[in-house]
Each structure stands twice: as C-alpha cells, then as structure tokens.
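A quick write-up on the structure given underneath.
The values are calculated or read from the model by the stated rules, or taken from the named source; none is laboratory data. Computed from a predicted structure; not experimentally measured. Here the Cβ is made from the backbone with ideal geometry for all residues, glycine too, and neighbour counts use every protein chain on show.
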C-alpha cells in the first residue's frame with residue numbers, strides 16, 4: 001500500500017483468455033485487485049489519495065478496453081472480473097472525485113453462469129438498472145441454466161448437504177462456484193433481496209457440502225461425504241461418478257458465508273465456520289496459487305470485511321421438511337448456532353398434543369427417519385430438550401389419496417376444465433384445446449389436435465410429492481409423432497418428469513432428469529405405445545425408490561433409478577400434450593389425441609387399485 005501513489009494501471013484494448021490465444025487477462029486481474037485495495041483503504045482511512053488511485057484505475061480501463069476475446073473461458077473473464085470491477089465502482093460511488101473519463105454508454109458449468117449472474121447483479125446495482133438486476137435474480141431463482149440455484153446445488157443429501165454441480169469435476173472449480181455464489185448472494189442481500197435463504201437456504205446446503213469435502217487442517221483428514229452420479233447433456237456429455245480431484249482447495253470465501261448464516265441469521269453452519277476460522281485472516285487476491293489467474297477469482301480480505309459479532313441468541317430450528325419414503329418419513333432441518341442436541345416430536349393433528357419420539361439427536365447431521373405407519377402426521381423439532389421454541393411444523397402423509405383429477409364443468413360459455421380433488425389446482429387450455437368424447441362416450445376427455453394445443457396445470461404441481469401415482473386413459477389419433485409427450489412437468493429442458501409415446505429410437509419412454517436430456521433415467525419400452533386409434537390405460541407409481549409403470553393394468557417396466565418429483569424442484573411448465581423442448585417444435589411435436597381421467601395421487605397405488613380405475 002505504501003507504493004500506491006506510484007502504481008500505474010496497464011489497460012488493454014483487448015483482453016484475451018483461453019488456451020491458443022495471447023492471454024493477457026492477468027493485467028486486468030491485477031489492476032482490479034489494486035483498485036479494490038485502494039477503495040477499501042479509502043473507506044477505512046479516509047485518505048483520498050487511495051480513492052483517486054482507485055478512480056484512476058477504473059477510468060483507465062473504461063476508456064481503453066473494447067473487447068474480451070478467447071475461447072469459452074471469456075465467460076469467466078467477463079463474468080468474474082466484470083463483477084469485481086462493478087463492485088469497486090459501487091464502493092467508490094460516494095466519492096466526489098469519481099468522475100468517469102467518458103460517458104457510461106457502455107453453458108456449460110455452474111461457475112460460468114454464476115459469474116455472469118454475479119456480473120449482472122453488480123452492474124445492475126452500479127448503474128441503477130433495475131431490469132438487469134431483476135433478470136439476474138430471476139435466473140438464479142428459477143431458470144434451468146447451471147448457475148441457477150436448483151442446478152448449482154444439484155442434489156440434497158440427508159442433513160441438507162447439497163451436492164454441487166462441479167463437485168465431481170474438481171475442487172478448484174467447485175470452490176469457485178461456491179465463492180461466486182456467496183458474492184452474488186451478498187450483493188443481492190445489500191439490495192434487500194435474500195438469495196442466501198432462497199429455497200430453504202439451498203446455498204448454505206451447497207456451501208456446507210463443499211466445505212466438508214475440502215476441509216483438512218491440523219491433521220484432521222478429509223471427511224467422508226455422500227455422492228451420487230452427476231450427468232448433463234451440455235459440452236461433452238458429462239458423467240461424473242465420484243468426487244473430483246484437488247481436495248483441500250483453500251479459497252478466501254468462507255468468512256462471508258459463515259458470518260452471514262451464523263452471526264447474522266443464527267443458523268448453524270459448522271463446516272463453513274471451521275473453514276473461516278482455519279483461514280483467518282483471509283488473504284487478498286494474488287497471494288494464492290502462485291499469483292496465477294485463479295488467485296484473482298476472489299478479492300479476499302473476508303475477515304476484515306465480513307466479520308461480525310457473534311449473535312447473542314439463537315434458539316429454534318427452522319426449515320424442517322418431512323419427505324415420505326415408502327413407509328418411512330425422512331426429516332431434515334437447519335439448526336441454531338447454540339444447539340447442543342435435538343428432540344423430535346410427532347402429532348396426528350396440527351393443533352393436537354405433540355409427543356416426543358426421539359431425544360438427544362446430535363448436531364453433526366441434522367436428519368432423522370421415522371416409521372409411524374399409515375396416516376397423516378405432523379412433526380416439529382426442539383433444541384436442548386424443550387427450553388426453546390419449536391421449529392416449524394412439517395406434514396407427512398403415508399397412504400394414498402387423490403391429489404389432482406382433471407374433469408370438465410359445463411358453463412354457459414362452454415366446458416371448462418376443473419380439478420375435482422380437494423386441492424382445486426388451476427388448469428388452463430391453450431390454442432383451442434377443448435373437451436372431447438372420453439372412453440365411456442361422454443364429454444370427459446381433453447382433446448388436443450397436435451397443432452400447438454395443450455393444457456397447463458398449476459405451477460409447482462408436484463414439488464411437494466415424493467411417493468406418488470399418475471394414471472390416465474389416452475387415445476392417439478393417427479401415426480405417432482416421435483418425441484411428442486403425453487405429460488411433461490418441469491422447468492425447461494434441464495429439469496422434468498415426462499412420458500413419451502415414442503422417442504427417436506421408436507420406443508415409449510417414461511423419464512425424469514435434473515441434468516437435461518442426456519442425463520435422463522427412467523423406464524423404456526420395446527416399441528412405441530400401442531395407442532394409435534385405440535384407448536390404452538397408463539399408470540406410473542413410485543414407492544420409495546421403486547418406480548413401476550403399468551399398461552392396461554399390467555406391469556410393463558420397473559426401475560429404482562428415478563428421482564422423486566420434489567427433487568425436480570420448482571416447476572413452471574406443467575403441461576399435458578406439450579414438451580419442455582418447445583424451442584424446437586419441429587422435432588418436439590405436440591400430442592394429438594384424447595386424454596381422459598387424468599389423475600395424480602399422493603402415495604403409490606398398488607396393482608389392484610390401478611385396475612379399479614380402469
């Protein structure tokens with residue numbers, strides 16, 4: 001810092017990043033780090049010479065840089081460094097000497113998308129561009145790109161350990177993704193948008209998993225963590241069956257995460273805390289990895305910037321969920337920072353007497369599995385016996401009951417679709433979809449002509465279901481178009497659960513995925529569905545890990561390799577007759593025919609119950 005008055009920026013007209021190009025991006029990294037350090041020093045000391053130097057560096061680059069070029073890594077250069085530079089600009093916003101030299105006219109892995117999302121948030125804040133900011137928030141919350149929350153934190157293991165999208169690639173990129181996620185969550189938090197807590201603290205689940213994978217200080221050794229196979233259909237069709245190499249990748253990212261969850265919110269984040277303490281004080285950029293480009297991925301100084309006083313009181317668990325898994329109920333929750341142990345309570349009515357069913361559960365992995373038998377049950381969790389307030393109440397139902405039932409109601413302006421279940425989910429028809437003659441000769445079926453007609457069911461229709469059943473009659477008019485889907489519940493081409501009467505190889509296929517088309521798992525038949533110009537009954541059930549598909553009441557296929565609907569996440573495209581691949585209508589045609597008696601059940605129907613529907 002003593003040499004700052006003599007520091008000279010080195011702006012470039014074109015920045016290159018990527019093998020095969022004259023890479024010079026390190027000059028941008030170093031100048032951003034210098035501008036950041038100068039900005040922090042000005043904020044702490046009030047010495048305007050630091051502020052002037054930060055402004056000088058920003059102006060040098062804004063008046064010189066015209067392009068970022070290279071291979072696919074330009075997404076990182078533009079995203080990471082653009083985000084960091086925008087944050088420097090935001091720090092310097094209040095400095096009166098901050099005058100720009102000229103006007104402000106200016107896919108594959110999760111870290112790439114997270115870099116772009118972070119840059120959009122940072123630039124949106126700096127330029128007061130609400131539209132840009134809101135779009136970045138939307139993408140993180142609900143999109144199917146790999147930087148979105150539900151893709152970036154790919155799978156929740158027991159105890160809310162969130163397997164990240166890059167955990168099977170290598171730990172350098174894995175920790176990069178978590179660090180970028182922390183930065184964008186903090187920027188959003190400062191604008192009163194809580195991405196940290198989005199989707200039941202999903203980011204914390206990914207951070208804790210990654211911290212546990214990489215922590216190895218004072219001879220502790222690496223902890224064991226669960227891992228499921230990850231696959232996606234982008235790039236080179238990635239399939240990863242185990243944790244990637246490079247454990248022990250120590251980036252200066254943990255102080256931010258630990259201080260938000262434990263000291264702001266009072267939520268226990270034990271592995272992030274361990275990492276933050278072990279790395280105190282977090283160093284600045286350029287001081288790790290030999291000063292290469294990766295050492296500038298994060299500007300550092302987290303201990304200085306984010307350390308907060310420990311929270312004075314934190315007593316109750318939160319985020320309790322109860323997922324049915326066959327005849328069992330899996331409970332998971334977030335704990336408060338001062339918890340010593342936990343007790344589980346259960347009731348048969350939400351306002352009834354809760355009975356303690358398990359005491360003194362430890363704090364290492366916050367999960368418990370109950371076997372209560374059939375019925376409706378309500379659960380809550382307490383800390384340290386019953387001295388603190390209880391958690392939220394989570395409901396579980398073991399058995400079978402109607403969840404959704406498509407029917408039609410005659411009105412003065414025609415027949416309108418309705419849900420006959422107690423849930424009364426919304427149904428909308430598009431492009432002339434209408435009521436047709438069903439299997440019993442009455443006006444009970446949904447009629448679709450294959451020309452962009454479809455029905456849209458309510459958002460997040462299946463997002464709370466684990467064990468379930470889907471049953472329906474269908475009648476296909478004429479020759480089967482390949483890749484048309486009877487139903488498709490998802491959030492774009494990356495996440496869905498769907499059934500096709502005939503895919504490209506000529507077979508029918510029931511499938512689900514959270515990694516796109518290449519990562520589909522499911523049940524595939526031998527030949528197309530025998531539904532052309534005739535009625536056929538289709539049913540699918542899931543009980544625990546066991547999925548069974550029935551045709552006309554007979555078992556036609558089974559698997560134990562399908563994700564439960566709740567793991568598909570929030571779904572905005574819940575369609576009958578339309579595919580998630582709507583962006584390519586020429587090879588993803590619409591369903592042409594009739595759908596009658598379409599029902600969804602909570603719980604898995606047995607074969608006898610399915611035959612009773614026929």
What are the pairs with Cβ atoms under 6 angstrom where one residue, in region 508-522, is under 14 Å from residue 154 (Cβ atoms) and the other, located anywhere, is part of a strand (DSSP E or B) and modelled with pLDDT under 95? Sequence gap at least six, or different chains. 515/231; 519/231; 519/513
Those residues that are modelled with pLDDT of 90 or more and over 20 Å from residue 178 (Cβ atoms), I need them from region 127-154; list them, please. 127, 128, 129, 130, 131, 132, 133, 134, 135, 138
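Inside region 446-459, can you point out the residues that are surrounded by fewer than 18 Cβ atoms within 10 Å (Cβ to Cβ) and closer than 20 Å to residue 572 by Cβ? Talk me through it step by step, then tell me what you get.
Residues of region 446-459 that are surrounded by fewer than 18 Cβ atoms within 10 Å (Cβ to Cβ), as a first pass: 449-452, 458-459.
Residues satisfying the conditions are 452, 458, 459.
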Out of the residues in region 288-310 that are touching a helix residue (DSSP H, G or I) at 6+ places or on another chain (Cβ under 7 Å) and surrounded by fewer than 16 Cβ atoms within 10 Å (Cβ to Cβ), which is modelled with the lowest pLDDT? 289
Residue 226 fails exactly one of (1) farther than 24 Å from residue 463 by Cβ; (2) surrounded by fewer than 18 Cβ atoms within 10 Å (Cβ to Cβ), namely (1)
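Of all residues in region 495-504 being part of a loop (DSSP other than H, G, I, E, B) and surrounded by 24 or more Cβ atoms within 10 Å (Cβ to Cβ), which is modelled with the lowest pLDDT? Talk me through it step by step, then tell me what you get.
Of the residues in region 495-504, the ones part of a loop (DSSP other than H, G, I, E, B) are 495, 501-504.
This time we only want the ones that are surrounded by 24 or more Cβ atoms within 10 Å (Cβ to Cβ), so: 495, 501.
Details: 495: 89, 501: 97.
Here the answer is 495.
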Hey, residue 550 farther than 19 Å from residue 522 by Cα, assigned by TED's automatic domain parsing to the domain that holds residue 450 and crowded, with 16+ Cβ neighbours inside 10 Å or not: no
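Take residue 371 and tell me if it is over 28 Å from the mean Cα position of the chain (by Cα) and surrounded by fewer than 16 Cβ atoms within 10 Å (Cβ to Cβ).
Working: over 28 Å from the mean Cα position of the chain (by Cα): yes; surrounded by fewer than 16 Cβ atoms within 10 Å (Cβ to Cβ): yes.
When the stated conditions are applied, residue 371 passes them.
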Which ranges mark the strands (runs of 3 or more DSSP E) fully within region 439-485 that have 3 or more residues being more than 33 Å from the chain's Cα centre (by Cα)? 443-449, 468-476
Inspect all residues belonging to region 37-54 and state whether any of them is outside any strand (DSSP E or B), modelled with pLDDT of 85 or more, in contact with a strand residue (DSSP E or B) (Cβ under 8 Å, 6 or more places away or on another chain) and under 25 Å from residue 304 (Cα atoms). yes
I'm told residue 79 meets every condition in (1) exposed (fewer than 13 other Cβ atoms within 10 Å of the Cβ); (2) in a helix (DSSP H, G or I); (3) modelled with pLDDT under 80 except one. Can you identify the failing condition by its number? (1)
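For region 505-614, list the strands (runs of 3 or more DSSP E) that sit wholly inside it and hold at least 2 residues that are farther than 27 Å from residue 202 by Cβ and in contact with a helix residue (DSSP H, G or I) (Cβ under 8 Å, 6 or more places away or on another chain); which are they? Working first, answer last.
Working: elements: 509-513, 521-524, 535-543, 546-551, 554-559, 573-576, 592-602.
Hits in region 505-614: 535-543.
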Would you be able to say whether some residue in region 137-154 is closer than 30 Å to residue 580 by Cβ, in contact with a strand residue (DSSP E or B) (Cβ under 9 Å, 6 or more places away or on another chain) and part of a helix (DSSP H, G or I)? yes
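Kindly check whether there is at least one residue in region 558-566 that is out of contact with any strand residue (DSSP E or B) (no Cβ under 7 Å at 6 or more places or on another chain) and under 27 Å from residue 444 (Cβ atoms). Steps first, please.
In the first step, residues of region 558-566 are kept if they are out of contact with any strand residue (DSSP E or B) (no Cβ under 7 Å at 6 or more places or on another chain); the result is none.
No, region 558-566 contains no residue that is out of contact with any strand residue (DSSP E or B) (no Cβ under 7 Å at 6 or more places or on another chain) and under 27 Å from residue 444 (Cβ atoms).
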From the residues in region 231-245 that are modelled with pLDDT of 80 or more and surrounded by 15 or more Cβ atoms within 10 Å (Cβ to Cβ), which one is nearest to residue 169 (Cα to Cα)? 244
I'd like to verify a number: residues in region 357-389 that are under 21 Å from residue 311 (Cβ atoms) and outside any loop (DSSP other than H, G, I, E, B), how many? 3
Please determine whether any residue of region 343-356 is touching a strand residue (DSSP E or B) at 6+ places or on another chain (Cβ under 8 Å), in a loop (DSSP other than H, G, I, E, B) and under 24 Å from residue 212 (Cα atoms). no
Yes or no: region 173-196 includes at least one residue that is modelled with pLDDT under 95, more than 13 Å from the chain's Cα centre (by Cα) and outside any helix (DSSP H, G or I). no
May I ask you to verify whether residue 168 is assigned to a loop (DSSP other than H, G, I, E, B), assigned by TED's automatic domain parsing to the domain that holds residue 120 and touching a strand residue (DSSP E or B) at 6+ places or on another chain (Cβ under 6 Å)? yes
Could you list all residues from region 157-185 that are closer than 23 Å to residue 268 by Cβ and surrounded by fewer than 21 Cβ atoms within 10 Å (Cβ to Cβ)? 157, 158, 159
